[in-house]
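The values are calculated or read from the model by the stated rules, or taken from the named source; none is laboratory data. For clarity, every value in this text was computed on a predicted model and none was experimentally measured. Cβ placement follows ideal geometry from the backbone for every residue including glycine, while neighbour counts extend to all protein chains displayed. All accessible areas refer to the heavy atoms of the entire protein, side chains included, with ligands and DNA or RNA removed. Shrake-Rupley method; radii C 1.70, N 1.55, O 1.52, S 1.80 Å.
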Amino acid sequence: MSDPADLGVEDAAAALGARELSSRELVEACLSRIRERDGTHSHDGDPGSINAWVRVYEDDARSAADRADERLARGDAPALCGIPIGLKDLFAAAGKPLTASSQVLDEVPECDCEAWARLAAEGMVLLGHVHTHEFGAGGTTDQVGNPWALDRSPGGSGGGSAAALAARMVPATTGTDTAGSVRIPSAMCGTSGIKPTRSLVSMRGIVPLGPTLDHAGPMTRTVRDCEPLLAAMAGVVPPASRRPLRRVAVSPRIALVDLEPDVADGFDGTLAVLASKLGAALVEPPSSPTLDLGLVVFDLVCAEMLAYHRRFDDRRELYRPSIRGFLEHGERLALTAEDYVTAQTDRAELTYTWVDWLAEHRIDALVEPTVPIVARPRGHGYDEPFTDVAEISLTHYWDWTGFPVVALPSGVGRRSGLPVSVSLIGAPGADWDLLAWGAALQAELGTVAP
């Protein structure tokens, strides 16, 4: 191998298991890569830095790597033992600062969040916390530079997670997804991720955005590498067998957005591969459920966000302008309990309709572009709320239904030179099938790298 920092999860695990590489060597390689490529670790970032990391825990990471090596030497270590990881700065790690990439929050939790506790029990090595769009409330993460072009947004809210992966500083990161925050940065940075079925991964101990919409999931460079991480985060053993991919429907929601030419090209290429290489029948979507949610999702998120952020009313001036705007929007709404229950009831009915629709038409997966645009110039995502409508225009819908979605690169745009992405969407519980299908699709489409 040229540099251990270039290894993905699966390859690193194989090298560690064969004792061809120690966890300490792998961690040192990743720490060296961070020092070489990340630039400043700051709240605001700068035009010349990726700035994916909020904080790096070098000494603690080395100690954890040494413990992992002892476990590996005994020959009974789990597959993820010794693999470095970065946590989105919403995931509590006992004894480590938790700030949500904000000046407002400054806590040192006593306990790990449940998802990290499960990964830590597998022997994974925490390198540090990576940047999020402040409190996970946006699709740009403008303090972070996209490794493909530093003047471009890495997407959000998990921009630090995706940028750290794309720059090959770490083989795995975690993400949360309320309106697209795993999938958008994966699309913008040419990496992969899964928004699992809602509640498959516990949100306990993770800073919330919209508690009834929040999901937590893994982010890696390939879909294949997501699977062991999701299994560990969820505390489950994946099924040994997977369903064949027979029928794929082009998402009818694409008609609601304008695709940039590079995105359209990548999507057309994906459809061709699904049919010619994976043998899937591409079916036209029949008469479908409600496709446009209108403003209800924004209203619901702002109401739920306000409930959590009331504890910080005495320091509201410390928020970035867009976050203050979301909270003020929630206050202006004055959503009644009846309004809230009605929205949640309508949401449940729409979800049931989609489940029935997929089953009736024997559709294994829907396919759609992850994001209709390539990474936009960075710099203005915090100026005011609702600046990321284009980024979340396709993704937010599947948080509303809670369906699992796998996002992976569909190529590099010939006009922009930036990555484009595609998503596979399935019914609740289809996570493991989607991962298998996504990995097979990626094997045909290939990976991308800046």
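The calculated FRET efficiency for Asp151 paired with Glu349, based on their beta-carbon distance and R0 = 51 Å, is about 0.70. Excluding ligands, DNA and RNA, the accessible surface per residue across the chain is 36 Å² with a 1.4 Å probe.
Hey, how many Å between the Cα centroid of region 249-294 and the Cα centroid of region 65-84? After rounding, the separation between the Cα centres reads 42 Å. For region 108-151, dividing the convex hull volume of the Cα atoms by the residue count gives 127 Å³ per residue.
In this simple spin-label approximation, Ala272 and Arg315 carry label points 7 Å from Cα along the Cα→Cβ vector, and these lie 5.4 nm apart. The chain: longest stretch without exposed trypsin sites (Lys or Arg not before Pro) (DSSP loop, at most 14 other Cβ within 10 Å), sites themselves excluded? Looking at the chain, 20-203 is the longest stretch - no exposed trypsin sites (Lys or Arg not before Pro) with at most 14 other Cβ atoms within 10 Å.
Antiparallel DSSP bridges in the chain: what percent, to the nearest 5? Before the final figure, lay out the partial values.
Details: 29 of 41 bridges.
Of the beta bridges lying entirely in the chain, close to 70 percent run antiparallel.
Mind running the shape call on region 173-236? Use the C-alpha gyration tensor, a ≥ b ≥ c as the square roots of the eigenvalues: rounded below 1.5 for a/c, prolate if a/b tops b/c, oblate otherwise. It comes out oblate by the Cα gyration axes. Its Kirkwood hydrodynamic radius, worked out from the mean inverse distance over all distinct Cα pairs, puts region 363-450 at 14.4 Å. With the cut-off at 1.5 for a/c, could you classify region 288-378 from its C-alpha gyration tensor as rounded, prolate or oblate? Taking the square roots of the gyration eigenvalues as a ≥ b ≥ c, region 288-378 is oblate.
Helices of the chain meeting both criteria, an alpha-carbon length of 27 angstrom or more along the long axis and an average Kyte-Doolittle score not below -1.0, with helices taken as full DSSP H segments, are 337-360. Computed from the C-beta positions of Ser32 and Ala255, the FRET efficiency with R₀ = 51 Å rounds to 0.60. Think of the chain as having a plus end and a minus end, set by charges on the Cβ of Lys, Arg, Asp and Glu; of Leu295, Pro385, Pro109, Pro109 sits farthest toward the positive end of this dipole.
If the Kirkwood radius is taken over C-alpha pairs of region 1-118, then at 25 °C and 0.890 mPa s the Stokes-Einstein diffusion coefficient equals 158 µm²/s.
Quick one: net charge of Arg24's neighbours, Cβ under 9 Å, K/R +1, D/E -1? Here the count lands on -3. With a Förster radius of 22 Å applied to the beta-carbon distance between Ala390 and Ser42, the computed FRET efficiency rounds to 0.20. Charged neighbours of Leu165, selected by a Cβ distance under 11 Å, balance to +1 (K, R count +1; D, E count -1). Neighbours of Gly205 by Cβ distance under 9 Å: Lys/Arg scored +1, Asp/Glu scored -1, total -1.
In the chain, the calculated helix contribution to ellipticity at 222 nm averages -11500 deg cm²/dmol per residue, counting -39,500 (n - 2.57) for every DSSP H run with n ≥ 4. Put a dot 7 Å past the Cα of Glu70, heading toward its Cβ, do the same for Glu328, and the two dots end up 5.5 nm apart.
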